[in-house]
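Reading through the structure tokens given below for one structure.
The values are calculated or read from the model by the stated rules, or taken from the named source; none is laboratory data. Predicted, not measured: the structure shown is a model, and the values here were computed from it. Every residue, glycine among them, receives a Cβ derived from its backbone with ideal geometry; neighbour counts consider all protein chains shown. We work out accessible area using only protein heavy atoms, side chains counted, and drop any ligands, DNA or RNA first. Shrake-Rupley method; radii C 1.70, N 1.55, O 1.52, S 1.80 Å.
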Amino acid sequence: MRASESTDADRDVQPDIRGHADDVATKYMRGMRWSSAGISVVILFGLELPKLLANWDTYRPVEIQVVALVVLAAVSVACACDRVVRLLRWPLIAVVLATSIAATLTVDPVDRLGTPHWSDEIVGWPLVLLAMGRPVALFAGLLAAHYVPAFLLAVFDGPVDVTFAGVVNTTVVTSAFQVAVVLFANALRRVAISVARMSREEERSRTADAVASQLHADRKDRYAALAETTAPVLAGLASGTLNPGDETVRRTCAIEAARMRRLFGETTVGPDPLVDELMACVGLAERNGASVRFSERGERPPVPVVMRRLLTEPAVAVLATARGNVRLTVVGAGEQVTVSVVADSVPYDVPVVDNDEITTSTVTTGDRMWVQATWRGRG
């Protein structure tokens, strides 16, 4: 991998990990939301509704209490959905606190800290749903905004029929349980994010190791392919057994250079590796003075690496020593892929591809030669 590609990939890692961690944390929090919404609805209709019905005649007016019951139930159910909370968190907080104040004002002064004030214990649960995943200080502030009006009215608007210790005891027990739920939800979110990040880091590490192993195997494969043909030529030139002035030797060197360029083309990342490898050889032919016209037609299935090398072998040999005008064509037809090249006729044999999946043909007309190789696929 090139250095620039590695740097770009590193920059993309952290945002991706954060997004994955947030997704995992959201799934955990969804379960907490459903559980808390269920607790809120059960308490509302199982414990608080009987209190409302038992003290029906003490509220002035009682309709406010009914509306408060309906609003708190609706908010509890709606807040089970993450999207609702994200979009309407603060408007719903305002609605819940307004409902709390309205329900407190319509309770008889003597009962504002007593059993008839049923909303005193339940309002905290919709606030739990709205503050879940936020700092606990936010929830503490919302609880204060809920309880303080009732205490102030009890102090300045007449005596209440309960002891101060009893009120504090009930308030602390209820609030402590609700604060514990918020703390547990926040801790669960942090743990989920941490675990998700570690999991994704391990996954990326395993993927990087697998990619590195595959790249190493590909390099070994390419070196092995060069060792069969290129290495003997280089050894012959180095030892002097091959004469660089010999036309046959120069042609062989040109072909090996084209093969190396084709192998270099295999390392590029593109939508069509076959065309990339051929274009690498076209560049060499054009530097040697040939004028190459390239065209491609039809839809082509992907060709395995080994088959691509065999399929392009005749065209590579022609392009390596071509002069004048050359036409290179790649055609796809169903499951078949054909590579053909038309160039000036040269006095040597085109490489024969020995494979059951590939057929080759060579036609010479006058001073022009047409070489074609077709891969039939495995279907």
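Taking a sphere under 11 Å around the Cβ of VAL342 and counting the other residues whose Cβ falls inside, with K and R at +1 and D and E at -1, yields a net charge of +2. Principal axis extents of the Cα atoms in segment 270-312, from largest to smallest and rounded to whole angstrom, are 32, 22, 18.
Using R0 = 56 Å, the C-beta based FRET efficiency linking VAL173 and ARG206 works out to 0.70. As a rough guide to protection, the peptides 336-342, 36-42, 183-189, 199-205 ranked by mean Cβ packing within 10 Å, highest first, stand as 336-342, 36-42, 183-189, 199-205. Potential lengthening of the chain between ARG293 and ASP356 amounts to 19.7 nm, from the contour at 0.36 nm per residue minus the alpha-carbon distance.
Remark on segment 272-376: ratio of C-alpha radius of gyration to 2.2 N^0.38 Å is 0.99.
Report note on the peptides 122-135, 68-81: ranked by the mean count of other C-beta atoms within 10 Å, highest first, their order is 122-135, 68-81.
Structural descriptor for segment 18-202: relative contact order 32 percent, calculated from alpha carbon pairs under 8 angstrom and at least 6 residues apart.
Computed from the alpha carbon positions, the gyration tensor of segment 18-202 leads to an equivalent ellipsoid with semi-axes of 34, 16, 13 Å, biggest first. Gain on full extension, evaluated as 0.36 nm per residue between LYS220 and GLU286 minus their Cα-Cα distance, stands at 20.8 nm. The listed residues ASP246, ASP57, ASP209, ASP272 rank as ASP57, ASP209, ASP246, ASP272 when sorted by accessible area, largest first, using a 1.4 Å probe. Between LEU49 and ARG134, with labels modelled 7 Å along Cα→Cβ, what's the label distance in nm to one decimal, could you check? Placing both labels 7 Å along Cα→Cβ, they lie 2.9 nm apart.
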